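**Q** Got a structure for you, questions after.
The values are calculated or read from the model by the stated rules, or taken from the named source; none is laboratory data. Values in this document were obtained by computation on a predicted structure and should not be read as measured data. Heads up, the Cβs are rebuilt from the backbone with ideal geometry, glycines too, and the neighbour counts pull from every protein chain shown. Surface accessibility is based on the protein's heavy atoms, side chains included, excluding ligands, DNA and RNA. Shrake-Rupley method; radii C 1.70, N 1.55, O 1.52, S 1.80 Å.
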Amino acid sequence: MGRSEARGPREAPAREDAPGAGGRPYTFVNMAMSADGKISSVARRQVRISGPEDRERVDRLKAGSDAVMVGIGTVLADDPSLTVKSAELRKVRVLGGKPENPVRIVVDSRGRTPVTAEILHKGTGDRIIAVSERAGTEAAVRFRGIAEVLVAGREEVDLPLLMGRLHDLGIRRLMVEGGGTLICSLFASCLVDEFTTYVGSLVIGGRDAPTPVDGPGFPGGNEFVRLSLTDVQEVDEGVVLRWRVRNRR
Ligand code: NAP
């Protein structure tokens with residue numbers, strides 16, 4: 001385990017391959033939570049948890065990824081654009097033969113992403129709406145010319161199937177930015193390789209405020225996700241904890 005004494009963000013880690021022969025992207029989660037482990041308020045409103053240094057760190061992680069994924073709950077709550085904010089980092093991507101922004105992906109069974117959502121309009125680059133059969137054929141019509149619609153699964157989005165499809169599309173390094181419902185499903189399917197949280201210097205509180213891993217949790221007990229700490233870094237007024245996930249597919 002490395003402990004970073006120096007303040008300030010580090011470069012994004014080198015590309016790593018996901019385990020297993022099936023073919024899926026190397027998948028890392030990055031989220032910001034309060035000192036009491038909440039990722040937004042009880043009203044599910046976005047809270048500014050990190051500071052400028054951490055936002056730069058996150059921007060570098062994004063710029064180093066082939067795709068960035070969120071759940072529909074996050075799109076409806078926060079309306080993020082998921083673009084690379086730094087013009088310099090976008091330039092480096094283009095010089096490297098990549099699009100300015102990573103592919104932006106919404107996991108959205110019913111195709112509820114508003115056609116006006118920031119993620120579909122801000123910045124250049126490809127977008128994918130991952131739906132299940134519940135979305136019906138209208139989804140393809142609704143997002144025509146704005147996003148590619150990928151159908152995976154009957155009820156909710158079949159995440160292992162989706163990951164295989166993303167790998168087939170050439171996505172090798174995938175960043176997941178939340179929310180807690182999606183992250184819980186990814187952990188339950190052993191699809192997370194790395195879990196990073198920025199722990200900020202505030203208390204949000206509230207039993208019902210979202211946390212990094214919500215959903216049904218892991219009621220069996222012996223299915224808990226096991227982690228190994230790989231780095232601790234002081235950034236802004238908080239700390240970045242980086243964990244490698246032991247139970248991976
Ligand atoms: P979410 O995880 O973003 O999205 C969950 C939704 O995705 C589900 O309700 C489901 O809706 C859809 N989905 C489709 N297939 C799924 C599958 N296999 N597994 C799981 N979900 C699937 O939503 P959330 O948990 O409500 O999180 C939103 C909250 O997190 C907001 O309050 C936001 O501010 C916060 N947030 C914080 C951070 C941070 O770093 N601090 C980052 C992101 C989000 P359908 O059934 O309709 O498809």
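**Q** Out of 15, 3, I need the residue that is in a strand (DSSP E or B), exposed (fewer than 15 other Cβ atoms within 10 Å of the Cβ) and modelled with pLDDT under 55. Which one? If you could, list the steps in order and put the result at the bottom.
**A** Working: 15 fails: in a strand (DSSP E or B).
On inspection, the qualifying residue turns out to be 3.
**Q** Does residue 203 fit the bill of being within 13 Å of the ligand (Cβ to nearest atom), in contact (Cβ under 8 Å) with a residue 40 or more places away in the chain and open to solvent by 10 Å² or more (accessible area, probe 1.4 Å)?
**A** So residue 203 does not fit the description; no.
**Q** Just checking, which of 248, 154 is within 18 Å of the chain's Cα centre (by Cα) and in a loop (DSSP other than H, G, I, E, B)? Break it down into steps so the answer makes sense when it comes.
**A** Details: 154 fails: within 18 Å of the chain's Cα centre (by Cα).
Just a single option satisfies the conditions, and that option is 248.
Listed here are the residues, each with its yes/no results for (1) under 25 Å from residue 214 (Cβ atoms); (2) acidic (Asp, Glu); (3) near the ligand (Cβ under 9 Å from one of its atoms); (4) open to solvent by 20 Å² or more (accessible area, probe 1.4 Å).
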| residue | (1), (2), (3), (4) |
| --- | --- |
| 65 | yes, no, no, no |
| 75 | yes, no, yes, no |
| 86 | no, no, no, yes |
| 96 | no, no, no, yes |
| 102 | yes, no, no, no |
| 137 | no, no, no, yes |
| 140 | no, no, no, yes |
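**Q** Would you mind telling me which numbered condition in (1) open to solvent by less than 30 Å² (accessible area, probe 1.4 Å); (2) outside any loop (DSSP other than H, G, I, E, B); (3) over 24 Å from residue 237 (Cβ atoms); (4) at pLDDT 95 or above residue 54 fails?
**A** Evaluating residue 54 over (1) open to solvent by less than 30 Å² (accessible area, probe 1.4 Å); (2) outside any loop (DSSP other than H, G, I, E, B); (3) over 24 Å from residue 237 (Cβ atoms); (4) at pLDDT 95 or above leaves (3) as the failure.
**Q** Residue check: is residue 111 over 16 Å from the mean Cα position of the chain (by Cα), surrounded by 18 or more Cβ atoms within 10 Å (Cβ to Cβ) and not aliphatic (A, V, I, L, M)?
**A** yes
**Q** Give just the number: which of (1) open to solvent by 60 Å² or more (accessible area, probe 1.4 Å); (2) more than 27 Å from residue 41 (Cβ to Cβ); (3) of a type in the set (S, T, N, Q) does residue 230 not satisfy?
**A** Only one criterion in (1) open to solvent by 60 Å² or more (accessible area, probe 1.4 Å); (2) more than 27 Å from residue 41 (Cβ to Cβ); (3) of a type in the set (S, T, N, Q) is unmet by residue 230, namely (1).
**Q** Right, something else. In this structure, does residue 161 turn out to be in a helix (DSSP H, G or I), hydrophobic (A, V, I, L, M, F, W, C), modelled with pLDDT of 95 or more and over 24 Å from residue 198 (Cβ atoms)?
**A** yes
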